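Student: Have a look at this one.
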Amino acid sequence: MKHPVTCANCHDPVTMKLTVVNPAFIEAMERLGIDVSKASRQDMRSYVCGQCHSEYYFEPASKKVVFPWDKGYLPEEMYSYYAQKPAGFEQDWVHPDSGARMLKAQHPDFETFTGGVHARSGVACADCHMPFMRDKGQKYSSHWVTSPLKHVQASCMTCHTQDEKWLLDRVKTVQDNCWQLQHIAGQTVARAHETISRAAAIQTADKTRLEKARELIRRAQWFWDVVAAENGMGFHNPSQVMNTLGRSIDMAHQASAEADMATGRPF
Ligand code: HEC
Ligand code: HEC
Ligand code: HEC
Ligand code: HEC
């Protein structure tokens, strides 16, 4: 196992049953009304991963790790959670060009995966990333936690009747589409930061409109980052990811338009 974790991250050292040790995950689930200690074995096969492969932030005073899930796992739900400035948390950083207070997304794999067709069909992270293998008649879970594309037969073909080429082709198509839109969104967001920066340099620019532009770009970049920081390149939830990127592009254009209007120029 090359994965940067130890047995005790996922297994109770005495019973070897699957367990979650990260308090931030347990508390976030509690706030959603889920008691992790009573979770089914299949749910645990995702929860052990979700305790690390998730979005989080540090509570400013306590430096405690918190998962922003009180309103749900969707990009807009996490955004509106952050918009309330939980325990005084306002931003991860300030963008040097636009002056917008930014959020930084950290690998929201669990959140993205949860709304997708596989999670909704009861498939767990471990089904694909730790598939059952056989060695001399002995069945065991692969602990080589890596890309399932390295063992499509074991990872996918327990459920899918399509052949390996078809499956690989579907993954590649989704990932190519995601990469393309992610790139466009990133470029559009970067240009909007520049537009705001130029507008803000004009003395007479309307401050209220500039603030609105900064709020829009903060949101646009969050939507881009939620996808860019995720590790599946779209595969874990293709339709949601494309929707998120489309909205990021739209919000970045709105931010640019607002900045232009702040200067009194038609856009
Ligand atoms: C990232 C989480 C994770 C880590 C770390 C991990 N395991 Fe597992 N392990 C699992 C999962 C998931 C299963 C499947 C359990 C199930 O389906 O009930 C499993 C199953 C097992 C089983 C039951 C037999 C089998 O293969 O299904 C044994 C034994 C085991 N692990 C030993 C270990 C040991 C020893 C370590 C440390 C070297 C370790 N595991 C580290 C997640 C992990
Ligand atoms: C204790 C925290 C922790 C747990 C638990 C954990 N991961 Fe990870 N995982 C990481 C970190 C950190 C990395 C990044 C490693 C790096 O960048 O080199 C990683 C990397 C990965 C990778 C990429 C590995 C590669 O091929 O380079 C996959 C896939 C993955 N994790 C899946 C899972 C799955 C599935 C589970 C649950 C069965 C899980 N992880 C549980 C922390 C964790
Ligand atoms: C239906 C199968 C499936 C399930 C279930 C699944 N994944 Fe994945 N995952 C994939 C595929 C396919 C990729 C893309 C691999 C690639 O590009 O090589 C991937 C990529 C990843 C990567 C990046 C791996 C790398 O090598 O860079 C991580 C990390 C990851 N998944 C974590 C998770 C976590 C955590 C869960 C559960 C919350 C999960 N996955 C559930 C199929 C799955
Ligand atoms: C435990 C069962 C299971 C495993 C393992 C599994 N799938 Fe699926 N997959 C499903 C189910 C159920 C659906 C929903 C549609 C259906 O019933 O066919 C689905 C749908 C899909 C779809 C179409 C929907 C979409 O999101 O585009 C693709 C593509 C797909 N799976 C690829 C894969 C790949 C690649 C792997 C291995 C990395 C994999 N699946 C592993 C059960 C599974």
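Readers should treat all values here as calculations from the given coordinates under stated rules, not as data from a laboratory. Predicted model, so just to flag it, every value in this text is computed and none were measured. Glycine gets a Cβ as well: all are built from the backbone with ideal geometry, and neighbour counts include every protein chain shown.
Student: Looking at (1) buried (at least 16 other Cβ atoms within 10 Å of the Cβ); (2) among the hydroxyl-bearing types (Ser, Thr, Tyr); (3) over 18 Å from the mean Cα position of the chain (by Cα), which is the one condition that is false for Tyr140?
Tutor: (1)
Student: Further question: Of the residues Glu55, Glu59, which single one is crowded, with 17+ Cβ neighbours inside 10 Å, in contact (Cβ under 8 Å) with a residue 12 or more places away in the chain and charged (D, E, K, R)?
Tutor: The unique qualifying residue is Glu55.
Student: So which of Ala39, Ala8 is exposed (fewer than 13 other Cβ atoms within 10 Å of the Cβ) and among the small types (Gly, Ala, Ser)? Outline the logic, then answer.
Tutor: Values: Ala39 fails: exposed (fewer than 13 other Cβ atoms within 10 Å of the Cβ).
Within the list Ala39, Ala8, the selection yields Ala8.
Student: Hey, among Arg198, Arg218, which residue is over 29 Å from Cys125 (Cβ atoms), part of a helix (DSSP H, G or I) and touching a strand residue (DSSP E or B) at 6+ places or on another chain (Cβ under 7 Å)? Step through it out loud before you land on a result.
Tutor: Values: Arg198 fails: touching a strand residue (DSSP E or B) at 6+ places or on another chain (Cβ under 7 Å).
Being over 29 Å from Cys125 (Cβ atoms), part of a helix (DSSP H, G or I) and touching a strand residue (DSSP E or B) at 6+ places or on another chain (Cβ under 7 Å) holds for just one of Arg198, Arg218, which is Arg218.
Residue-wise test of (1) farther than 19 Å from Ser239 by Cβ; (2) not β-branched (Val, Ile, Thr).
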{"position": "Tyr82", "(1), (2)": "yes, yes"}
{"position": "Pro86", "(1), (2)": "yes, yes"}
{"position": "Val94", "(1), (2)": "yes, no"}
{"position": "Asp97", "(1), (2)": "yes, yes"}
{"position": "Gly122", "(1), (2)": "no, yes"}
{"position": "Ser147", "(1), (2)": "yes, yes"}
{"position": "Val189", "(1), (2)": "yes, no"}
{"position": "Glu194", "(1), (2)": "yes, yes"}
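Student: May I pose another question? Taking segment 185-209 only, how many residues are more than 22 Å from Val227 (Cα to Cα) and hydrophobic (A, V, I, L, M, F, W, C)?
Tutor: 6
Student: Go through (1) touching a strand residue (DSSP E or B) at 6+ places or on another chain (Cβ under 9 Å); (2) assigned to a helix (DSSP H, G or I) and name the single condition Thr112 misses.
Tutor: The number of the failed condition is (1).
Student: Restricting to segment 62-109, what's the tally of residues that are buried (at least 19 other Cβ atoms within 10 Å of the Cβ), assigned to a loop (DSSP other than H, G, I, E, B) and of a type outside the set (S, T, N, Q)?
Tutor: Summing the residues that are buried (at least 19 other Cβ atoms within 10 Å of the Cβ), assigned to a loop (DSSP other than H, G, I, E, B) and of a type outside the set (S, T, N, Q) in segment 62-109 gives 8.
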